[in-house]
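Below is one structure; the comments refer to it alone.
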Amino acid sequence: RVDTSAQSARRASELAARLMTSGQKRSGRPAPVDLRSAAEHAMGIIKQSFANNLTVERQFSDFPVPVNIRIEDLENAIINVALNARDAMPTGGKLTVKIDTVEHSGPVRGIKETIPPGKYGALFFSDTGSGINPKDLESVVEPFFTTKESENGTGLGLSMIHEFMRESDGYMRIHSKLGAGTTVELYFPLSQPTD
């Protein structure tokens, strides 16, 4: 009973923190940053929160990836996606985090929106976890929708990331297959041209 109560209290605290974060006005304006360096702090937090049976591989571009974002919002997004990946790999696995510039030659279907052609700063998270049922993919960014057990998920993480992407004029895609892992893709407009 004590363990169950402690777990419930922890989940309630997490829910309250996420509600406060989503409801408050953010201070500061988006600023031009290199997506690679902006992700560094969150990457350190991810490694500390992963158990020994989980590995994190980073594949960052050798060249700057200039975008215009709020760094604290980016960090929250990275941590939320990584924690989802961790929860989807209870018996162990691997999360690959990739940052690069990509170019879409034509429109690409994202979550809720179509991604226009063009060059983007991209952040990819690929895990080897349990995956998401394809019928749930459009719903995972809805507030309070969760594919986790009720005591393990608030249903706010991906909805907050989706809102952050909209505020950043960016886009989100998710690919998943039950039993074969999930890839979350975040696309940000480049703040300056790249070769």
Could you tell me the largest-minus-smallest coordinate of the C-alpha atoms of the range 24-108 on each of the three principal axes, in descending order and whole angstroms? 38, 37, 26
Mind checking the full-extension length gain between E103 and E138? Use 0.36 nm per residue of separation minus the Cα-Cα distance, one decimal, nm. 10.2 nm
Under 5 Å between amide H atoms, partner at least 5 residues away or on a different chain: which partners does L190 have, H built in plane at 1.01 Å? G121
Short version: ³J(HN,Hα) in whole Hz for each residue of the range 36-41, in order, from phi by Karplus 6.51 cos²θ - 1.76 cosθ + 1.60 (θ = phi - 60°), x for Gly and Pro, what are they? 5, 6, 5, 8, 4, 4
Net charge (Lys, Arg +1; Asp, Glu -1) of residues whose beta-carbon lies under 12 Å from that of R166, R166 excluded, is -4
Could you tell me which of rounded, prolate or oblate describes the range 38-78, using a ≥ b ≥ c as the square roots of the eigenvalues of the alpha-carbon gyration tensor, with rounded for a/c under 1.5 and, failing that, prolate when a/b is larger than b/c and oblate otherwise? oblate
If the chain between T91 and E163 were fully stretched, how many nm would it gain, using 0.36 nm times the residue separation less the Cα-Cα distance? 22.8 nm
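Rule-based calculations on the coordinates, nothing more; no lab input. In this text, all values refer to a predicted model and were calculated from it rather than measured experimentally. All Cβ positions, glycine included, derive from the backbone under ideal geometry; neighbour counts span all protein chains shown.
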